[in-house]
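The values are calculated or read from the model by the stated rules, or taken from the named source; none is laboratory data. Keep in mind it's a predicted model, so treat the numbers as computed, not measured. Note that we place each Cβ from the backbone using ideal geometry, even for glycine, and neighbour counts take in every protein chain shown.
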Amino acid sequence: MKRISTADGHIFGLCRSPIGWLGLVAGREGLAAVVSHPSEEEVRGRIAEGYPVAAPGENSLLAEAQRQFEEYFRGERRDFDLPLELPGIPPFSSAVLRQLVGVPYGTTVTYGELAAAVGSPGAARAVGRAMATNPLPLVIPCHRVVGRGGKMTGYSGGEGIATKEWLLEHERLQL
């Protein structure tokens, strides 16, 4: 596929999925963002907000990302294997996101458990803030983080908690 570059080096592609439209944003070093919503227009708008000079395009990274998402939704993939571009992530959030990648497919962890795992017991709310700013949902599986007692709490992708519940059920059915 051809490489297209913009002033900031970001390009994006769109694809349909069982949870609606996915917007995949690629930077020079790796996948920079995943945006999901039932509305294609909303996905385009969110990409424009976060990456104002990103242009639609194709490259091998976007093609590979789309292939891996298709495999995930068919139940053939449990982990993503893509280069990621995460500049400007604060150290605590970075530690949380790194820890989150290790949460096994089809399982959940609470905000408190994740806080303890990164050495900050009692920082469950800070973990929630890190989840809310995760630029790569699904790849960094923030849908696997739940409230105390398994309570479903916030999710910014797709249709919110309904999408989070769908993703968790999808994964459980594949086990």
Might you let me know whether the range 117-126 holds any residue that is modelled with pLDDT of 95 or more, outside any strand (DSSP E or B) and touching a strand residue (DSSP E or B) at 6+ places or on another chain (Cβ under 7 Å)?
no
Within the range 36-58, can you find the residues that are aliphatic (A, V, I, L, M), in contact (Cβ under 8 Å) with a residue 40 or more places away in the chain and touching a strand residue (DSSP E or B) at 6+ places or on another chain (Cβ under 8 Å)?
54, 55
Would you confirm whether any residue within the range 142-150 is under 14 Å from the mean Cα position of the chain (by Cα) and outside any helix (DSSP H, G or I)?
yes
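Taking into account only those residues within the range 30-56 that are in a loop (DSSP other than H, G, I, E, B) and closer than 22 Å to residue 142 by Cα, which is nearest to the chain's Cα centre (by Cα)?
Residues of the range 30-56 that are in a loop (DSSP other than H, G, I, E, B), as a first pass: 30, 38-39, 51-54.
Applying the additional criterion that residues be closer than 22 Å to residue 142 by Cα yields 30, 38-39, 51.
On the way: 30: 13, 38: 15, 39: 17, 51: 16 Å.
Going through the qualifying residues, I end up with 30.
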Against the conditions (1) more than 22 Å from residue 166 (Cα to Cα); (2) assigned by TED's automatic domain parsing to the domain that holds residue 160; (3) not basic (Lys, Arg), where does residue 110 fall short? Just the number, please.
(1)
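Would you point out the residue of the range 4-54, among those that are of a type in the set (A, V, I, L, M, F, W, C) and farther than 18 Å from residue 135 by Cα, that is surrounded by the fewest Cβ atoms within 10 Å (Cβ to Cβ)? Outline the logic, then answer.
Here is the first cut: in the range 4-54, the ones of a type in the set (A, V, I, L, M, F, W, C) are 4, 7, 11-12, 14-15, 19, 21-22, 24-26, 31-35, 43, 47-48, 53-54.
Narrowing the set further to residues that are farther than 18 Å from residue 135 by Cα leaves 4, 7.
Details: 4: 14, 7: 9.
Here the residue is 7.
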Criterion violated by residue 108 - all others in (1) in contact (Cβ under 8 Å) with a residue 60 or more places away in the chain; (2) in contact with a strand residue (DSSP E or B) (Cβ under 6 Å, 6 or more places away or on another chain); (3) within 22 Å of residue 21 (Cα to Cα) satisfied
(3)
